[in-house]
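The values are calculated or read from the model by the stated rules, or taken from the named source; none is laboratory data. From a predicted model like this one, the values you see are computed outputs, not experimental measurements. So basically every Cβ, Gly included, is an ideal-geometry build from the backbone, and we count neighbours across all protein chains shown.
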Amino acid sequence: MPSILILGATSDMALAIARKFAENKYDVQLAARKTEPLKPTQSDITIRYAVYCTLHTFDALQFNSHESFFEGLNPKPDVTVCVFGVMDDEGKAFDDWSVTQRMIDTNYTGAVSILTTIAKYYKSQKRGTIVGISSVAGERGRQSKLIYGSAKAAFTAYLSGLRNKLFKDGVHVVTVKPGFVYTKMTENIELPKPLTAQPAEVGAAIYSAVQKKKNVIYVKWFWRYIMLIIKSVPEFQFKKMNL
């Protein structure tokens, strides 16, 4: 039976992804800093879908622990999904370097650290799939997402390079740009309903992308064209806009 590792498993998106793959008979490995809150989900997935569901302690910011964490997984996952991330207040980040560093290290450095470790293993096996949850915020720098957007831009570039590097070895890399999603991270933000996805939609889109070996997906298709319009605004005009 194939298996999936979900890094950052406590988020709404992560749990929706776990359920979608479990529904399709994947064993599930849930990794997070705190595993206690995941125990009800573990029981539910095990009973509901008749698959194995295991919990693993993982901290994205403890870079030195990443290799030993992955070495300790048995079995090794066929699919790895990197879901973890943080979106702090941009005003605080601009004024406080510790907030900036936390966003960069969580959204980029930590992701690169663990995914590179996993990529080396997949490369040696000549198979495997890596899925990275990036963001449309990384497609053009904006004042409202200055640090978060730049970290996600770097992550998108990393995933693109990794896809290019591993293609000849039979390893596939999927970049996911969800757009707005109703989650705990966005619960205090007023989101436009027509542009916002439910976590279950993200899970379904990722499962489909893995099966079809897609390279880059937007969960809501129209985000591709929204971002195309935003990127086409000339810089002399864009820099004056309040975005």
message: Quick check on this structure: which one of ILE147, ILE217, ILE226 is surrounded by 13 or more Cβ atoms within 10 Å (Cβ to Cβ) and within 13 Å of the chain's Cα centre (by Cα)?
response: ILE217
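Matching residues to (1) touching a helix residue (DSSP H, G or I) at 6+ places or on another chain (Cβ under 6 Å); (2) hydrophobic (A, V, I, L, M, F, W, C); (3) closer than 17 Å to VAL86 by Cα:
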residue	(1), (2), (3)
ARG102	no, no, yes
ASP105	no, no, yes
TYR122	no, no, no
GLN125	no, no, no
THR129	yes, no, no
GLY132	yes, no, yes
GLU139	yes, no, no
GLY149	yes, no, yes
message: If I ask for residues that are in a helix (DSSP H, G or I) and surrounded by fewer than 18 Cβ atoms within 10 Å (Cβ to Cβ), which ones from the range 70-90 would you list?
response: GLU71
query: Taking the range 220-243, which residues are assigned to a loop (DSSP other than H, G, I, E, B), hydrophobic (A, V, I, L, M, F, W, C) and modelled with pLDDT under 95?
result: TRP221, PHE222, LEU243
task: May I ask you to list the residues in the range 1-14 that are crowded, with 22+ Cβ neighbours inside 10 Å and in a helix (DSSP H, G or I)?
output: MET13, ALA14
query: How many residues does the range 21-34 contain that are surrounded by 21 or more Cβ atoms within 10 Å (Cβ to Cβ), out of contact with any Cys (no Cβ under 6 Å at 6 or more places or on another chain) and within 17 Å of PRO199 (Cβ to Cβ)?
result: 4
- prompt: Here are ALA22, ALA60, ALA31: which of them is part of a helix (DSSP H, G or I) and among the aliphatic types (A, V, I, L, M)?
  reply: ALA22
- prompt: Any idea how many residues of the range 151-202 are surrounded by 14 or more Cβ atoms within 10 Å (Cβ to Cβ), farther than 22 Å from THR109 by Cα, out of contact with any strand residue (DSSP E or B) (no Cβ under 9 Å at 6 or more places or on another chain) and not hydroxyl-bearing (Ser, Thr, Tyr)?
  reply: 2
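Residues to consider are ILE104, ILE114, ILE45; find the one that is touching a His at 6+ places or on another chain (Cβ under 9 Å), among the β-branched types (Val, Ile, Thr) and at pLDDT 95 or above.
ILE114
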Residue that is nearest to ALA200 (Cα to Cα) [pool: residues in the range 40-57 that are in a helix (DSSP H, G or I) and touching a Leu at 6+ places or on another chain (Cβ under 7 Å)]: THR41
message: Being within 14 Å of the chain's Cα centre (by Cα), at pLDDT below 90 and assigned to a loop (DSSP other than H, G, I, E, B) is the filter here; which residues of the range 171-214 pass it?
response: GLY179, THR183
query: Can you name the residue in the range 178-234 that is touching a helix residue (DSSP H, G or I) at 6+ places or on another chain (Cβ under 7 Å) and small (Gly, Ala, Ser) and, of all such residues, is nearest to GLY8 (Cα to Cα)?
result: GLY203
